[in-house]
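S.K.: For reference, the structure I am asking about is given below.
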Amino acid sequence: MDVIDRNVICMKWGRKYDATYVNKLHSMVSRHLTLPHRFICFTDNDEGFHPDIEVLPMPEQDLTKGTKTGAWNKVYNFRPELGDLRGQALFLDLDVIILQNIDSFFEIPGSFCVIREWDKSSQGTGNTSVYRFDIGAHTHVYENLIEHKAEICGKYRREQAYVTESIAAKSEITYWPVNWCRSFKRHCLPPWPLNWIQPPTIPDDAKILIFHGDPKPEDAIHGSRSKLRRIQATPALADHWR
């Protein structure tokens, strides 16, 4: 049996997301990644998962406890071993929407590839909604957090700043081409007050839409209203988020 060295991984813990998100992500990857690969979800509850999704257990310790914000459990990806996975792993947040072929995310060189955060004040911080890494290559990220968790979480508000700074200190970071990963709320929503009457526009060259914070994919598809933001419905996204 051939060893597959391309892996797409995601994580689901707690109750923020249900199995629907994992199943839709698996479906999108199946449609848009033509290279041989495995799809794995690290989770504490696989109820309702599609049978083709491989499941590996989340570690029992919840790294988000005692932190103010951020998905600190993502740091578990930098353990020396991830089950029987080998080679490269492309991590995807559960709430992304894949729009077109993503083979190129495995073809670009680099031991750690990530979105360059869109906030200009971030000074090179990566957005870890989508990143690829060599399994077992950056174990210091995990080991340092386990040993100095209180100190590190006191210094960094979100795990992505800690991860990218730690990796940059020892090796080179590769950023995805800017058009590959677009933020729905930064690059698709019309500016206020046009967002009250105009629907979002999806960049033609975007490969993956990122839904960091709010809104979420279902809000984009059906539209949403709040005191701070109004989003017109974008039903075309339903053709992708399925």
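S.K.: In degrees, nearest 10, range 0 to 90: what is the angle between the Cα axis of helix 19-32 and the longest Cα principal axis of the chain?
M.R.: So the helix axis and the longest Cα principal axis differ by about 90 degrees.
S.K.: Then there's this: Compare the peptides 182-188, 15-21 by average per-residue count of other Cβ atoms within 10 angstrom and give them in order, highest first. Mind showing how you got there, number by number?
M.R.: On the way: 182-188: 18.9, 15-21: 14.0.
By packing density, highest mean first, the sequence is 182-188, 15-21.
S.K.: I'd like the carbon and sulfur percentage of the solvent accessible area for the chain, probe radius 1.4 Å, heavy atoms only, ligands and nucleic acids excluded. Before the final figure, lay out each step's value.
M.R.: Details: 5970 of 12310 Å².
About 48 percent, which is the carbon plus sulfur part of the accessible surface.
S.K.: Give the relative contact order (percent, whole number) for the chain; include only Cα pairs under 8 Å separated by 6+ residues. Write out the running numbers ahead of the final one.
M.R.: Values: 415 pairs, mean separation 48.4, N = 242.
That works out to 20 percent.
S.K.: Can you compute the equivalent ellipsoid semi-axes for the stretch 4-132, i.e. the square root of 5 times each eigenvalue of the Cα gyration tensor, sorted largest first and rounded to whole Å?
M.R.: On the way: eigenvalues 85, 83, 45 Å².
In descending order, the three semi-axes are 21, 20, 15 Å.
S.K.: Rounded to the nearest 10 Å², what accessible area does Met11 have for a 1.4 Å probe in the complete protein model?
M.R.: Rounded to the nearest 10, that gives 10 Å².
S.K.: Roughly speaking, what is the stretch gain from Thr20 to Leu56, that is 0.36 nm per residue apart minus the C-alpha to C-alpha distance, in nm to one decimal? Walk me through the numbers on the way to the answer.
M.R.: On the way: separation 36, 0.36 × 36 = 12.96 nm, distance 1.76 nm.
Working it through step by step, the gained length comes to 11.2 nm.
S.K.: May I pose another question? With r as the distance between the Cβ atoms of Leu35 and Asp119 and R0 = 35 Å, compute the FRET efficiency 1/(1 + (r/R0)^6) and round to 0.05.
M.R.: On the way: r = 32 Å, r/R0 = 0.91.
According to the calculation, E is roughly 0.65.
S.K.: Pulled fully out, how much extra length does the chain show between Thr139 and Ser111, if you take 0.36 nm times their separation in residues and subtract their Cα-Cα distance? It would help to have the intermediate numbers written out before the result.
M.R.: Details: separation 28, 0.36 × 28 = 10.08 nm, distance 1.25 nm.
In short, 8.8 nm is gained.
S.K.: Stretch Gln198-His222 to full length: gain in nm at 0.36 nm per residue minus the Cα-Cα span? Write out the running numbers ahead of the final one.
M.R.: Working: separation 24, 0.36 × 24 = 8.64 nm, distance 1.38 nm.
Full extension from Gln198 to His222 adds 7.3 nm.
S.K.: Oh, and also: Can you sort Val22, Val178 by 1.4 Å-probe accessible area, starting with the largest? Intermediate results must be reported in sequence, preceding the final value.
M.R.: Values: Val22 0, Val178 110 Å².
Descending order: Val178, Val22.
S.K.: Lys65: which lysines have alpha carbons under 25 Å from its alpha carbon, excluding same-chain residues fewer than 8 sequence positions away?
M.R.: Lys12, Lys16, Lys74, Lys149, Lys155, Lys216
S.K.: Rounded to the nearest 10 degrees, what's the angle between the helix 159-168 long axis and the longest principal axis of the chain, both from Cα atoms, 0 to 90?
M.R.: 60
S.K.: Something else about it: Which value, to two decimals, describes the C-alpha radius of gyration of the chain once divided by 2.2 N^0.38 Å?
M.R.: Working: Rg = 17.7 Å, N = 242, 2.2 N^0.38 = 17.7 Å.
Relative to the rule-of-thumb radius for its length, the chain sits at 1.00.
The values are calculated or read from the model by the stated rules, or taken from the named source; none is laboratory data. Keep in mind the model is a prediction, meaning the values are calculated, not measured. So basically every Cβ, Gly included, is an ideal-geometry build from the backbone, and we count neighbours across all protein chains shown. Ligands, DNA and RNA are excluded from the accessible area calculation, which covers all protein heavy atoms including side chains. Shrake-Rupley method; radii C 1.70, N 1.55, O 1.52, S 1.80 Å.
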